[in-house]
Every structure is written in C-alpha cells, then in structure tokens.
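**Q** Would you mind keeping the following structure in view while I ask a few things?
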Amino acid sequence: MEYTKIEGKSIGYYGVILLFGILIAVGLFEFVKGMSIGQEDYGTSNIVPWGLPITAVVFFIGASAGALMLSSLTYVFGKEEYKPVSRISIYVAILLIIGALSTIEGELGRPERFINLMVFGATNLTSMFAVNAFLYSGYILLSVVYLWTTFREDLIRVTKILGASAAALAIFVHAGTGAIFGFIVAKELWFSPLLPVLFIIAALTSGVGLLILILTVTFRFTGHKMDEKLVVGLGKYLTAFLLIQLFFVFIENMVRTYGGLGGGEMTKFLFSGPYSFVFWVIQILFGTLVPIGILFARKTVLTVQIASLLAVIGVFAERFSLVIPGQSVPPVQVAGRAAMGFYGEPAIYSISGAEVAIILGVIGALGILYLVGLKVIKLLPSR
Amino acid sequence: MVRYGMIIDLDRCVGCGACAVACKAENSVTSSTPEDYKKRRLMEWNRVITVFKGKYPNVSASIMPIICNHCENPPCVKVCPVDATYKTPYKSGEAAIYSAGEGEGVEGGLVLQRYERCIGCKYCMVACPYQQRFFNFYEQEEKDYHNPDVPRRITGIVEKCTFCVHRLKKAKAEGKKIGSPDGVEPACTEACPARTRTFGDMDDPESEVSKLLRSRRNYQLRADLGTNPQVYYLD
C-alpha cells in the first residue's frame, strides 16, 4: 500500500491553521495569566480542586490509548482492510497524549516546576501521577518508534512486536489513568477497582469514535474516497465498545447504589444533583443509548459519523460526571453524622472561561500539528 | 521514638473559634474575602464545624474543631508525585530522604509540605479525606504582623497545618519541654480558653496525652479509611 502527503497550499489549509493559531493565542494568554497572578479566574475551589482541564486530560489520554489499540488491528492482528487508516491513527494517538500532557501542564499551579516530576518522581512511586509520568513518556517514545517502523517494509516483524507492546502499554497507560481516581479512598465515587477497566473500554469507545470523525473529515477535505466498508467496520467495533461500556457503567452504579457508603450522599448527588443532567441525558441517553440505537438501525457512513460524534460527547460526559460530582460533596467526617450548614453543602463547580481557553489552546496546537503532519509525513493512503 | 499527637475533648469545646483565629495569626494564614467564601476557597488550617444527627426535634449536635490529622498512613503523602509532602521521622537523627524542609530536625511523624518543591497538581487535596489542604489561588499579601518564623507561601502551591513546627523546632533548639500542660504547644492548643486540646508525645507513656487517651473513650475521624490519624477526639 502506497501512502502520500497532502499539498497543503490551498487557502483552506492556511485558513484552518490560522483558526487553530487563534485558539493557541487564547490558550497561551490564559496560561501566562494563570502563571503570573494565580488561578484566580478558574472555577475550581478547595473542595473541587480538579476542574474541566483534568476532565479533558483523561479524555485525551483515553482517546489516545483507544486510537493506538485500534492501529494494532492492522499491524498485530493482520486485518489488512484497516490498513489505510492505521498509520494515521498512530499519529493521532501520539498527538493526543502530547495534548494531554500539555493540558496537565496548563492546569498545574506552578507549571515551571513540571520537571520536578522527573527529578523527584522516582522517590515516591506510590503516587499514580509519578508512575504515570514514566508510563506516558515511555508510551510516547514507543509510539514514535512504532510509527517510524510502519514506513519500513523490511521491518514488518518489528512493527508487529512494537505494535503489540505499544497496545499493551496503552492499556497500562489508561488503566494507570483510571487508577489516579480508583485509588483515592476518600472519594466514594472514585474508589473502585472497576474504574481502570471502565477507563479502558471508554478509551476504546472515544478512540474509535474520534478517529472515525477525524478520518472521514480529513478524507473528505483532501479529496480521498473513504471506503464505506471500512467506516461500517469501524462502526461495528464502536457498537461493541458502546455496549460493553454501558454494561460497565450499569454495574458500577449498581454497586454505588447498593453499597451506599457514607450514607450514599455522593451517589445521590450524582443521580439527582445539579450535574445529574450531564449524567442521565448527555452520558446515558445521548452518549450511549442513542448511538447504540442508531448503529443497530442502520450502518452507513453518515449514521456511523453521527453515532461517533454522540459517543465521543458521551465519553466526555462520562469523564465529567466522574471527576466533578465525585469531588463536590464534602466527605463525612464522623460516621453517621452530617456536617451542618456551609461545611456540609456540596461545592458547585462552574466552568470558567480560563479553563476552557486552556483546553482550546491545546486543541489548536494539536490541530496545527495534525495538519503539518499531513503535509510533512506520508500518512494518507494514495488512492 | 516520638510521635506527636493531639487530643480534642469535645465535652469542653464551646465553639468560640479562638483556635481558628490563633492559627491564622500564628501561621500567617492569608485572610479570606467574602468572594473566597462564595467560591469555597477559604484558607482554614483550623476550622470549627458542627456535626449533627437526627431531625428536629430529635437532634443531637456537637461542635468539632478540625485540623490536619497528621495521619500515620497519610493518603496525601502517598499520592504526592514530587515527594513535596512528607512525614518527619519518628526517631531523631533519622533524616528524611532529601532536604527535610521546614521540619528539619523535628521528629515526631508530622505531615509537612515542602513549599519550594510543590508543583500545584492538587492531587493531595483530592486524596485528603478531611479536606485540610488548601490551594493558593492568588498571591498572598505580605503584612507587617506576619510571623517571621513561618515561611511565606507563593501562589499556585498547596499549604496545610504544620502542628506549629516552627514552635517545636525553637523549643528543641532551646532545650525546652514539648507538650501539654507545661511545655511548648501549637498555637491552637495554647489559645483554647476551655483547655479543650492537649498536645504531646503519644509514645511517651508518662505524657499528658497518653494518660488522657488511656482514661477516656476516644475516636479518630474516618478511622475506617485506614489513615490512623494522630488527632483523637473525646466525646
């Protein structure tokens, strides 16, 4: 199979780059502001210290892991029909993990001390952040080498080994991300051994969904023809992942409801609090049930695209309704006794412009890197 | 072995909040604005909450001062990716791995924070079941009356109760006794008008805290989480 670059000389190409450039400028402005005067404009508080950027980080890492695992379909399992999209999915995976790390950097209180993670990280390996710092950097390196080997026809066996190990590492990378939350004993909605597993399946859903969207749009605008069979095939994987995800979400919430730890306050807050709309309507209804319905009813390029968009939004909502409502309710201090007044009330996190700007800046940078990548590297099939 | 701990006798507490004020003054904890209150960004190394059970008219409530519990098995230390928060050693002379930071030379299992190393990831804040860690959302104002013994905290890092480690350090250097009732104690303990709090070495069987702990029924906050706090409550 032959691959090609795009020309990248049209007005549209530079227009989109300019648009992404504006996003970067907005993001950088808020980042520098946050660095110089502090994160005063953020919506976070001492009760909800992690806001939208962390949600985005988890989403990016998940989509990256999912995209990389998908590339193994061709290079490890030998399904040749997915070859036109496998190389580009590795590239997208690398971009997304870099995006996740940049978002973390933008969210830190002291971004200039980021290097401390590498210096002191090894001294406290009980921290999932420290472990993940090494996992993520290893993952980026391995993926880059893996991408490089796909250009070499003579290294086909090396590609297979690297593909398998990169996919395995992707599982650990995302399970590790799940463990960031799953190991926290203080938060009833987080402390769960199922969380790393749920994260992996949500990673696959968002990875496949995001890839379908990115690829169909790219192919459309570069004048390539996307094989309907390929899209429908990916749609089948998406259906399976969505069903498994629904099952895991169901089990997770049954345990939460049945157990009722800490008086079940946090679970109640998730189901009927101010964020219950995100959980019931965006995540469950439009993010899971509707795409499953669409995919079962009919699989064409358009329906798969719509279902992918909904599934991607659904996974983002799933991350949101884990991260934010999980922190909102102050934990019980004395068993069986509730805190009165101010200290017992749940903290409401409202999304702030500064946090959105940082995420948009990262998306802008990823967009430019993607477009430049298409121009410099032979990523697209020449058909 | 030295293991500093505190006992808070809730039967004596009247909820006056003197401990909270004394803590703010002693540790130069920044003052909060009404805006901070609305946004839930209060800096309260020592806060006084009310917990209750039941519905009116069958209610029982108790006032409860809460500080950092200086856990034996602290979730915040476990999750810190840069080893900024740490526990001081129990034996004297046993050094913490790298620079000992503020708690240099003070043993006793205090949970402290190396401000110069913190990257502000806020992982410790979500891991703490007692919500006793506070993030600096903006630059703290330097005031004339700030305590020179306490290091200044810059924006973007997390801070917490230190059991007044600067007092303990000074007392050690001057050879004074540490612990209630006649030794050096943290500011909150000293300020309490009802002598609600007792501070001292839990490992010394002759100390006031040990005697009190033996004599009364006591409990720790969220002992079910396995953190083993060094702040005990008498009820």
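The values are calculated or read from the model by the stated rules, or taken from the named source; none is laboratory data. Being a predicted model, the structure only gives us computed values, none of them experimental. Cβ placement follows ideal geometry from the backbone for every residue including glycine, while neighbour counts extend to all protein chains displayed. For accessibility, only protein heavy atoms count, side chains too; no ligands or nucleic acids. Shrake-Rupley method; radii C 1.70, N 1.55, O 1.52, S 1.80 Å.
**Q** Compute, for A:GLU80, the solvent-accessible surface of its heavy atoms (probe 1.4 Å) with the complete set of protein chains present, and express it in square angstrom to the nearest 10.
**A** Surface open to solvent at A:GLU80 totals about 110 Å².
**Q** Ok, one more. Ranked from the most accessible area to the least, with a 1.4 Å probe and all protein chains present, what is the order of B:LYS87, B:LYS160?
**A** Greatest to least solvent exposure: B:LYS87, B:LYS160.
**Q** Can I ask one more? Work out from phi, with θ = phi - 60° and the Karplus expression 6.51 cos²θ - 1.76 cosθ + 1.60, the ³J(HN,Hα) of each residue of segment A:63-79, listed in order in whole Hz, and give x for Gly and Pro.
**A** Computed from phi, the couplings for segment A:63-79 are 5, 5, 4, x, 5, 5, 4, 5, 5, 5, 3, 7, 7, 9, 8, x, 7 Hz.
**Q** Return one number: the angle in degrees, 0 to 90 and rounded to the nearest 10, between the long axis of the Cα atoms of helix A:301-328 and the longest principal axis of the Cα atoms of chain A.
**A** Helix A:301-328 and the main axis of chain A meet at about 30 degrees.
**Q** OK, next. Using a 7 Å offset from Cα along Cα-Cβ at A:LYS225, what residues in segment A:347-383 end up with backbone N under 11 Å from the label point?
**A** Correct set: A:383.
**Q** Further, regarding this structure: With N denoting the number of residues in segment B:2-135, provide Rg(C-alpha) divided by 2.2 N^0.38 Å, to two decimal places.
**A** Computed over Cα atoms of segment B:2-135, the ratio equals 1.20.
**Q** One-quarter of the Cα convex hull surface for the protein assembly as shown, in nm²? Intermediate results must be reported in sequence, preceding the final value.
**A** On the way: hull surface 119.0 nm².
Orientation-averaged projected area of the Cα hull: 29.7 nm².
**Q** If each of B:TYR37 and A:GLU81 carries a label point 7 Å out from its Cα toward its Cβ, how far apart are those two points in nm?
**A** The modelled label-to-label distance comes out at 6.6 nm.
**Q** Continuing with this model, one more query. Ordering B:HIS166, B:HIS146 by accessible area with a probe of 1.4 Å, largest first, what comes out?
**A** The ordering from most to least exposed comes out as B:HIS146, B:HIS166.
**Q** Could you work out the Rg to Rh ratio of chain B, with Rh taken as the Kirkwood radius (inverse of the mean 1/r over all Cα pairs)?
**A** Radius of gyration relative to Kirkwood radius: 0.95.
**Q** GNM, chain A, Cα, under 10 Å: largest mean-square fluctuation among A:PHE219, A:PHE20, A:PHE320?
**A** Its mean-square fluctuation being the largest, the pick is A:PHE219.
**Q** So, one more: Which FRET efficiency value, to the nearest 0.05, is calculated for B:GLU139 and A:ILE348 with the Förster distance at 35 angstrom and r the Cβ-Cβ distance?
**A** Details: r = 26 Å, r/R0 = 0.73.
Efficiency, rounded to the nearest 0.05: 0.85.
**Q** Taking all protein chains together and a probe of 1.4 Å, list A:ILE348, A:ILE201, A:ILE171 from the most accessible to the least accessible.
**A** A:ILE348, A:ILE171, A:ILE201
**Q** Run the quick spin-label model on B:ALA194 and A:LEU213: label points 7 Å from Cα toward the beta carbon, then report their separation in nm to one decimal.
**A** Computed distance between label sites B:ALA194 and A:LEU213 equals 5.7 nm.
**Q** For segment A:124-250, what value does the Rg/Rh ratio take when both radii are computed over Cα atoms and Rh is the Kirkwood radius, given to two decimals? Walk me through the numbers before you get to the answer.
**A** Details: Rg = 17.5 Å, Rh = 16.8 Å.
My calculation of the ratio gives 1.04.
**Q** Add -39500 (n - 2.57) for each DSSP H run of 4 or more in chain A, then divide by its residues: what number comes out at 222 nm, to the nearest 500 deg cm²/dmol? Write out the running numbers ahead of the final one.
**A** Details: 12 runs with 258 residues, N = 383.
Helices in chain A give a 222 nm mean residue ellipticity of -23500 deg cm²/dmol.
**Q** Cα axis of helix A:194-221 to longest principal axis of chain A: angle in degrees, 0 to 90, nearest 10?
**A** 40 degrees
**Q** In whole angstrom, note down how far apart the Cα centers of segment A:260-306 and segment A:38-77 are.
**A** 19 Å
**Q** Now for a different question. Ignoring everything but the protein chains, give the 1.4 Å probe accessible area of A:VAL32 in square angstrom, nearest 10.
**A** Using a 1.4 Å probe on the heavy atoms, I get roughly 90 Å².
**Q** Along the charge dipole of segment A:3-381, Cβ charges K/R +1 and D/E -1, which of A:ALA179, A:TYR343, A:LEU369 sits furthest on the positive end?
**A** Final value for the positive-end residue is A:LEU369.
**Q** Which Cys in chain B stand alone, with every other cysteine's Cβ at 4.7 Å or more from theirs?
**A** B:CYS13, B:CYS16, B:CYS23, B:CYS71, B:CYS80, B:CYS118, B:CYS121, B:CYS128, B:CYS164, B:CYS192
**Q** Sticking with this structure for a sec: Quick query: amide H of B:VAL48 versus all other amide H atoms, modeled in the peptide plane; which residues come in under 5 Å with a sequence gap of 5 or more or a different chain?
**A** Amide H neighbours of B:VAL48: B:ILE66.
**Q** Which net charge results when you count Lys and Arg as +1 and Asp and Glu as -1 among the other residues whose beta-carbon is under 10 Å from that of B:CYS80?
**A** Details: positive: B:LYS78, B:ARG114, B:ARG117; negative: B:ASP83.
Around B:CYS80, the charge tally is +2.
**Q** Hey, another quick one. Given the Cα-Cα distance of A:THR257 and A:TRP280 and 0.36 nm per residue of separation, how much length would full extension add, in nm?
**A** So the chain would gain 6.8 nm between A:THR257 and A:TRP280.
**Q** Would you kindly calculate the mean projected area, averaged across all directions, of the convex hull enclosing the Cα atoms of segment A:243-343, in square nanometres? Don't skip to the answer; put the middle values down first.
**A** Working: hull surface 27.7 nm².
The Cα convex hull of segment A:243-343, projected and averaged over all directions, gives 6.9 nm².
**Q** For A:ILE161 and A:LEU28, compute 0.36 nm times the residue count separating them, minus their Cα-Cα distance, and round to one decimal in nm.
**A** Gain on stretching A:ILE161 to A:LEU28: 44.0 nm.
**Q** Tell me the angle of helix A:228-259 to the major Cα principal axis of chain A, expressed in degrees between 0 and 90 and rounded to the nearest ten.
**A** Taking the Cα atoms of chain A, the angle to A:228-259 is about 10 degrees.
**Q** Distance from a point 7 Å along Cα→Cβ of A:ILE17 to each backbone N in segment A:353-383: keep the residues under 17 Å and list them by number.
**A** Residues A:364-379 fall inside that zone.
**Q** So which of B:LYS176/B:LYS211; A:LYS268/B:LYS53; B:LYS53/B:LYS122; A:LYS79/A:LYS299 end up more than 29 Å apart by C-alpha?
**A** Result: B:LYS53/B:LYS122 exceed 29 Å.
**Q** Counting Lys and Arg as +1 and Asp and Glu as -1, what is the net charge of the other residues whose Cβ lies under 11 Å from the Cβ of A:GLU355? Walk me through the numbers before you get to the answer.
**A** Details: positive: none; negative: A:GLU30, A:ASP41, A:GLU107.
Local net charge: -3.
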